[in-house]
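Heads up: the structure comes next, in structure tokens.
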Amino acid sequence: SDGSIRLHQMTSEYPLMQWNDSTNGQPIIALQWALTRPAVFFVLDASSNIYIWDLLENDLLPVAKETIPSENIVTMALLGEPEKPNGLLGIALAKESGEIDIQYVKKKWAVP
């Protein structure tokens with residue numbers, strides 16, 4: 001609820017990494033790992049901002065932030081085929097109105 005993210009290992013109750021206030025205090029609505037690139041994850045906050053984290057590029061801050069200004073996004077899901085090396089990765093965004101918007105992710109965050 002405060003925008004903190006914690007990365008845990010299954011064998012320990014303590015986080016390996018913790019990022020406090022990663023969304024400027026906005027609650028996190030959804031977080032999902034990329035299906036095609038293991039070190040990348042996406043975060044959606046309550047203000048319809050999407051943060052892209054690439055832990056191989058920067059493990060302190062997100063590498064990109066995209067604001068979806070048109071309408072409140074209530075959830076997101078990632079689309080991709082991990083067994084295919086083409087690096088095609090998309091984000092399905094569910095809007096408050098019930099519409100679904102699908103956007104594709106740049107190859108640099110999608111290719112294995």
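The values are calculated or read from the model by the stated rules, or taken from the named source; none is laboratory data. Since we're looking at a predicted model, the values are computed, not measured. Positions of Cβ are generated from backbone atoms using ideal geometry, with glycine treated the same way; all protein chains shown enter the neighbour counts. Just the protein is used for accessible areas: all its heavy atoms, side chains included, with ligands, DNA and RNA removed. Shrake-Rupley method; radii C 1.70, N 1.55, O 1.52, S 1.80 Å.
Points worth noting:
- Screening S12 with (1) assigned to a loop (DSSP other than H, G, I, E, B); (2) in contact with a strand residue (DSSP E or B) (Cβ under 8 Å, 6 or more places away or on another chain) gives one miss only, at (2).
- Meets criteria (modelled with pLDDT of 85 or more, outside any loop (DSSP other than H, G, I, E, B) and either surrounded by 14 or more Cβ atoms within 10 Å (Cβ to Cβ) or out of contact with any Pro (no Cβ under 6 Å at 6 or more places or on another chain) (or both)) for G98: no
- Total residues in the range 29-60, condition assigned to a loop (DSSP other than H, G, I, E, B), within 13 Å of G3 (Cα to Cα) and among the hydrophobic types (A, V, I, L, M, F, W, C): 1
- Qualifying position, being over 23 Å from L7 (Cβ atoms) and touching a Ser or Thr at 6+ places or on another chain (Cβ under 7 Å), among E83, E71: E71
- If the condition is being open to solvent by less than 100 Å² (accessible area, probe 1.4 Å) and under 22 Å from V74 (Cα atoms), then the range 1-19 contributes D2, G3, S4, I5.
- Residue in the range 36-58 that is within 19 Å of I91 (Cα to Cα), surrounded by 18 or more Cβ atoms within 10 Å (Cβ to Cβ), at pLDDT below 90 and not basic (K, R) present: yes
- Looking only at the range 20-33, and only at residues there that are open to solvent by 80 Å² or more (accessible area, probe 1.4 Å) and of a type in the set (S, T, N, Q), the one that is nearest to N49 (Cα to Cα): N24
- Conditions (1) within 14 Å of L93 (Cα to Cα); (2) free of Cβ contacts under 8 Å to residues at least 24 places away in the same chain; (3) open to solvent by less than 60 Å² (accessible area, probe 1.4 Å); number of the one not met by P69: (3)
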